[in-house]
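The values are calculated or read from the model by the stated rules, or taken from the named source; none is laboratory data. The model shown is predicted, which means the values in this text are computed figures rather than measured ones. Because the Cβ atoms are built from the backbone with ideal geometry, glycine has one as well, and the counts that use them run over all protein chains shown. In case anyone asks, the SASA skips ligands and DNA or RNA and just uses the protein heavy atoms, side chains included. Shrake-Rupley method; radii C 1.70, N 1.55, O 1.52, S 1.80 Å.
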Amino acid sequence: MKQTALTKVHKELGAKMAPFAGYEMPIQYSGLTDEHMAVRESVGVFDVSHMGEFMVRGPQALDLIQKISTNDASKLVPGKVQYSCMPNGKGGIVDDLLIYKMADQEYLLVVNASNIQKDWDWIQQNNNFDAQLEDISENITLLAIQGPKTAEAMKALTDVRLNEMKYYTFEKGTFARVDDVIISATGYTGSGGFEIYFDNAHAEKIWNAVMEAGKGYGIKPAGLGARDTLRLEKGFCLYGNDIDDSTSPIEAGLGWITKFTKDFIDSDKLKKQKEEGVARKLVAFKMIDRGIPRKDYKIVDADGNELGVVTSGTSSPNLKVGIGMGYVKIENAKVGESIFIEVRNKQLKAEIVKLPFV
Amino acid sequence: MNVPSELKYTKDHEWVKVEGDVATIGITDFAQSELGDIVYVEIETEGDSLDEGEVFGTVEAVKTVSDLFMPIKGEVIEVNETIESEPEAVNDDPYGKGWLIKVKIEDSSAVENLLSADAYKEEIA
């Protein structure tokens, strides 16, 4: 089992640890709801160092990225980040990822922990360009400091003007007296904040500085449990749940990051889907009957006919109601439509809603 | 982990308090901690006579759902009403306010099959 540079710190804090994507990761500390609310209302910090990071460099770095990803990376300038996904050549998704333009001919790709090897192989396989790849995943500590008070709480740690940074931009700067930290105005919680990338050697020093700086704001360490409820309330897709090798970006509602201004793997196939429509669609729903939807529960109509399957579900800590996402036939995908979720042989009523939930 | 010595336990992480022929049943401190924040407890077996090991309800936590198993054969004679409005009582006070059901024990000799506090402690060690 792999560990992050902070595993010891999490254990000392009494975190409940569990295996995730080959890493021993903190699932929760003080309690999922408590951590969730700290992020929604103030600030929380996640160790997400299990995520993968690849550098792509060279005269044709952009050409490689344009080929493998759906979003248009030619629109990036140094200091900008883009959300994108990689089609698998069969209309499905290899992974979703963030693309950072570090400099001309230099990009950082941030991928899901569970897909590091698969992504690496896939990108190598498609690299018929003058582009060099380097997997730096094992050297990088990634902290997600999230919540509306993050900029205020962390401002003393850096000269970078956190409060002026726009969403999906980044700067390289000094943070907690450590040089060359990537400070990125991104995150997976929908509550604002930053993700910071730095060398493992500084992990404990920066963690302690973040906790200290956040003290007056009630900062809480938060685990993967809260990370999941926070992202689901905002309707962000999770690879392995809501998107995978069998779902297309169009079905998943990722048309907004699928740009036909360029050619890429599956661009013809996906363009056709966009023009002609798809047979199923990822929808968000809220429970009307009391119940908590969970991954793989069946979605049925009033007569019990199967419409699809739940891909993510939880009890929303903010709304105190069951929420979920899942694929249903396109004719049943309208907002306001009633659907039913099979929960232990009962059919519980739910309603398709617009995202975000919160 | 709190494991009160006066109670009996099961491998399914339930506790049993026997008073005469009535058993009060709940989940252990270990169980509530493993489940995490409990959203609600669903028990629709009041009045039913159930065998040992049969499901008498389910606990829905934010992240997971778990069945509740009868530690002992008998009739479910009461369900704790408090946990309907305050499911968090199961997290906060699993051996007190967060008890789940009362069962009229059919065969009192079955109590001997339950685990002692020490045996349960070994179980979760």
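Rounded to whole numbers, the Karplus 3J(HN,Hα) couplings from phi for segment A:141-157 are 9, 10, 10, 9, 9, 10, x, x, 9, 4, 4, 5, 5, 9, 4, 5, 8 Hz, using 6.51 cos²θ - 1.76 cosθ + 1.60 with θ = phi - 60°, and x at Gly and Pro.
Measuring heavy-atom accessible area with a 1.4 angstrom probe and counting protein chains only, the residues of segment A:269-313 that give up at least 20 Å² relative to the chain alone are A:Arg290, A:Ile292, A:Arg294.
For A:Lys281, the aspartates and glutamates whose Cα falls under 12 Å of its own Cα, not counting residues fewer than eight places away in the same chain, are A:Asp242, A:Glu251, A:Glu331. Rolling a 1.4 Å probe over the protein chains gives A:Thr189 an accessible area of about 0 Å².
Among the protein heavy atoms of segment B:8-124, carbon and sulfur supply 40% of the accessible surface, probe 1.4 Å, non-protein parts ignored. Once the Cβ-Cβ distance of A:Val77 and B:Ser85 is raised to the sixth power relative to R0 = 60 Å, the FRET efficiency obtained is 0.65. Pairing chain B with chain A buries about 1400 Å² of accessible area. This figure sums both sides and uses a 1.4 Å probe. The local environment of A:Gly91, defined by Cβ-Cβ distances under 11 Å, has a net charge of -1 under the rule Lys, Arg +1 and Asp, Glu -1.
How many percent of DSSP beta bridges within the protein assembly as shown run antiparallel, rounded to 5? The antiparallel proportion sits near 95 percent.
With K and R counted +1 and D and E -1, the other residues having a Cβ less than 10 Å from that of B:His13 yield a net charge of -4. Give me, ordered by chain and number, the residues 5 or more places off A:Ile27 or on other chains with an amide H under 5 Å from its own placed amide H. When sequence neighbours closer than 5 places are left aside, the close amide H contacts are A:Lys16, A:Met17, A:Ala18, A:Leu224. Straight-line cross-link partners of B:Lys17 among the lysines, defined as a Cα under 20 Å from its Cα and at least 8 positions apart when in the same chain: B:Lys8, B:Lys73, B:Lys97, B:Lys102, B:Lys104, B:Lys121. Rounded to 0.05, the FRET efficiency of the A:Lys286 and B:Asp48 pair, given R0 = 35 Å and the Cβ-Cβ distance, is 0.65. Seen from A:Leu238, the other residues with C-beta closer than 11 Å to its C-beta sum to a net charge of -1, counting Lys and Arg as +1 and Asp and Glu as -1. Ordered from highest to lowest accessible area with the whole protein assembly present and a 1.4 Å probe, A:Tyr100, A:Tyr297 read as A:Tyr297, A:Tyr100. What aspartates and glutamates does B:Lys11 reach when the alpha-carbon gap must be under 18 Å and sequence neighbours fewer than 8 apart in one chain are set aside? Filter leaves B:Asp29, B:Glu34, B:Asp51, B:Glu52, B:Glu54, B:Asp67, B:Glu112, B:Asp118, B:Glu122, B:Glu123.
Evaluating 6.51 cos²θ - 1.76 cosθ + 1.60 at θ = phi - 60° for every residue in segment A:127-140, the Karplus couplings come out as 8, 9, 10, 8, 9, 9, 10, 9, 8, 10, 3, 6, 9, 9 Hz, glycine and proline recorded as x. Quick check for you: which residues of segment B:76-111 have the amide N under 14 Å from the point 7 Å beyond the Cα of B:Val22 toward its beta carbon? Under cut-off, by backbone N: B:76-81, B:100-105. Antiparallel beta bridges, as assigned by DSSP with both residues in segment A:231-358, represent about 95 percent of the total such bridges.
Run a plain Debye calculation on segment B:8-124 (Cα atoms as equal point scatterers, no solvent) and give log10 I(q)/I(0) at q = 0.10 Å⁻¹, rounded to two decimals, same order as the q list. For the requested q values the scattering log ratios are -0.25. Here r is the Cβ-Cβ distance between A:Lys272 and A:Asp180 and R0 is 51 Å; the resulting FRET efficiency, rounded to 0.05, is 0.70. Under the simplified labelling scheme, the A:Leu319-A:Asp301 pair shows an inter-label distance of 2.4 nm, with each label point 7 Å from Cα along Cα→Cβ. Averaged over its residues, the protein assembly as shown has an accessible area of 43 Å² per residue, based on protein heavy atoms and a 1.4 Å probe. Secondary-structure-derived ellipticity at 222 nm for chain B, considering helices only, amounts to -4500 deg cm²/dmol, per-run term -39500 (n - 2.57) for DSSP H runs with n ≥ 4.
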